[in-house]
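Trainee: One structure, pasted below without further comment.
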Amino acid sequence: MHALISLLFFACTPSPEPEPDLTTPVEDETGAAWTILIYMDGDNDLESYVMHDLNELEASMLTPDVRVLVLADRAEGYVTEDGDWTTARRYEIVPDADLDVVASPVIEDLGEVDMADPQTLGDFIAWGREYAPAKRTAIVLWNHGTTWWTEEPDGDGTAHGPGEGGLLDLQTGDPPGNTPPPGVAWDDSSGRELSIAKGELQDGLALGIGDGAPFDVIAFDACNMASFEVAHALSPYGLALVGAESTVGMEGLNYTSTIGELSQNPSVDGVVLADLFALHGVKVNQEPNYSAIGLDNLDPLVAAVDGIAGLALSDEAAMDAFLAGRDAARGAEADPWRLAYLDLGDLGRKLAESAHPEMAEAGAALESAVFNTVISSSGSRGFAWTTGMTIYADTVQTDLHDYTKRGASWSEVTRWDELLKTIAATE
């Protein structure tokens, strides 16, 4: 499925269309071509980016065929724009060229909500799918991200991420001062996050989807989410995944270009939209890397990962070959904790060069499986070598404890966790 996707998007300006009714759900059974839901958790040190991205969304060329709904939550004490509201608001985005003022009307103010509660995510998805039914749907999860990783809170209810923060404050340009927390959708008000390892993010998606179809695209405007672990855990809930192997900077995904192209050709499927998200995140916003990953058939990749683990566990020479390949493989980050996440395709490539015949064959199978699972991988500023997915390859026991929690579906279908624990026992 890995391919260069080329499309002809017509540059003509669409005829003016009447603005949609924002007070009641759409009753037409066919609905729009696309509805994009954005779960914008700014109840944390990312509050200053909420208004920025709402305005970026409004700058998109929207039509009745592409509708964008947002749940935006803000925090206290970071910025005071737009009346300094700190609650959670539901919006339907309307076109507006003023990048300093949010023109989209508030559909509903929910008051204070916990964005780290699976029920909050589920309610937003269910509401959005009823309010703006569409042939295809996508969801963007907007916040910090540390792939599957989680951490139990300290005694005071706070939790600390595993490394130094990489984002700069939008207003001052200074480092944020606080380490980004683990998980996705960190909420200052509750001191919690939606964890993949604990299964909380999956719970929220399941609640929202119910008996409906999975998302065509699940995209992360967050760091470090393009991983084997995330892809496997979320595969029941979506057909394509968008994420970055590394830290995402201030801009993240580019909504204006992506949604603009989608609006010109709304008949495209989720593979194309995922590719557009990844492409414009790098080419327009100059992020280090973004990739689009197919979730509809992970079986060959699962078999390749499990095959390497099983081979290394069964043979001492194969284990030595694996360790040599692991040491040679690269990660997409400079921060030490993130180097625990190796580029999965590069790991396969290094193992394929092994003098151990069986490990070399297994490595080649892994590299091929990554190539066929990743729809597209875009990289800038020295990241062109990345193949689009990472895998956790460290042996820190506290992290490995999280690696087998309820949501760690990848550890149920592969022996990768057993491999890491076996290595940890000897290091």
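The values are calculated or read from the model by the stated rules, or taken from the named source; none is laboratory data. Note that the structure is a prediction, hence the values are computed from the model and not measured. Counting neighbours? That spans all protein chains shown, and the Cβs are built from the backbone with ideal geometry, glycine included.
Trainee: Could you please give the count of residues in segment 81-108 that are in a loop (DSSP other than H, G, I, E, B) and among the small types (G, A, S)?
Mentor: 3
Trainee: Also, I was wondering about something else. When Q171 is evaluated against the numbered criteria (1) modelled with pLDDT of 50 or more; (2) surrounded by fewer than 20 Cβ atoms within 10 Å (Cβ to Cβ); (3) polar (S, T, N, Q); (4) assigned to a loop (DSSP other than H, G, I, E, B), which criterion, by number, is the only one it fails?
Mentor: Among (1) modelled with pLDDT of 50 or more; (2) surrounded by fewer than 20 Cβ atoms within 10 Å (Cβ to Cβ); (3) polar (S, T, N, Q); (4) assigned to a loop (DSSP other than H, G, I, E, B), Q171 violates only (1).
Trainee: Which pairs do you get when a residue that is in the same structural domain as L99 (by TED's automatic domain parsing) and of a type in the set (F, W, Y), found in segment 52-81, comes within reach of a residue that is buried (at least 21 other Cβ atoms within 10 Å of the Cβ) and in a helix (DSSP H, G or I), reach meaning Cβ atoms under 6 angstrom, with the pair 6+ apart or on two chains?
Mentor: From residues that are in the same structural domain as L99 (by TED's automatic domain parsing) and of a type in the set (F, W, Y), the pairs are Y78/E47.
Trainee: Looking at S376, S380, S368, which is the one that is at pLDDT 95 or above and in contact with a helix residue (DSSP H, G or I) (Cβ under 6 Å, 6 or more places away or on another chain)?
Mentor: None of the other options fit; the residue is S376.
Trainee: Just one of R330, R406, R381 is touching a strand residue (DSSP E or B) at 6+ places or on another chain (Cβ under 8 Å) and surrounded by fewer than 17 Cβ atoms within 10 Å (Cβ to Cβ); which is it? Break it down into steps so the answer makes sense when it comes.
Mentor: Details: R406 fails: touching a strand residue (DSSP E or B) at 6+ places or on another chain (Cβ under 8 Å); R381 fails: touching a strand residue (DSSP E or B) at 6+ places or on another chain (Cβ under 8 Å).
Only one candidate qualifies: R330.
Trainee: Just the residues that are touching a Phe, Trp or Tyr at 6+ places or on another chain (Cβ under 9 Å) and in a helix (DSSP H, G or I), please, taken from segment 261-290.
Mentor: Within segment 261-290, E261, L262, S263, Q264, G270, L273, F277, A278, L279, H280, G281, V282 meet the criteria.
Trainee: For the list (1) aliphatic (A, V, I, L, M); (2) modelled with pLDDT of 90 or more; (3) surrounded by fewer than 22 Cβ atoms within 10 Å (Cβ to Cβ), I need the number of the one condition that V70 fails.
Mentor: Unmet for V70, out of (1) aliphatic (A, V, I, L, M); (2) modelled with pLDDT of 90 or more; (3) surrounded by fewer than 22 Cβ atoms within 10 Å (Cβ to Cβ): (3).
Trainee: Give the residue that is surrounded by the fewest Cβ atoms within 10 Å (Cβ to Cβ), with candidates limited to residues of segment 283-307 that are of a type in the set (V, I, T) and touching a residue at least 60 places away in the same chain (Cβ under 8 Å).
Mentor: V302
Trainee: Can you tell me which residues in segment 109-141 are in contact (Cβ under 8 Å) with a residue 40 or more places away in the chain, loosely packed, with under 14 Cβ neighbours inside 10 Å and not in a helix (DSSP H, G or I)?
Mentor: E112
Trainee: Something else: If we scan segment 266-281, do we find a residue that is more than 14 Å from V374 (Cα to Cα), hydroxyl-bearing (S, T, Y), in the same structural domain as V66 (by TED's automatic domain parsing) and surrounded by fewer than 21 Cβ atoms within 10 Å (Cβ to Cβ)?
Mentor: Yes: one or more hits.
Trainee: Which of the residues spanning segment 1-51 are at pLDDT 90 or above and either among the aromatic types (F, W, Y) or surrounded by fewer than 17 Cβ atoms within 10 Å (Cβ to Cβ) (or both)?
Mentor: The answer is W34, Y39.
Trainee: For segment 186-250, which fully contained strands (runs of 3 or more DSSP E) count at least 1 residues that are closer than 28 Å to G348 by Cα and assigned by TED's automatic domain parsing to the domain that holds G145?
Mentor: Once the strands (runs of 3 or more DSSP E) in segment 186-250 are filtered for at least 1 residues that are closer than 28 Å to G348 by Cα and assigned by TED's automatic domain parsing to the domain that holds G145, what remains is 217-221, 240-243.
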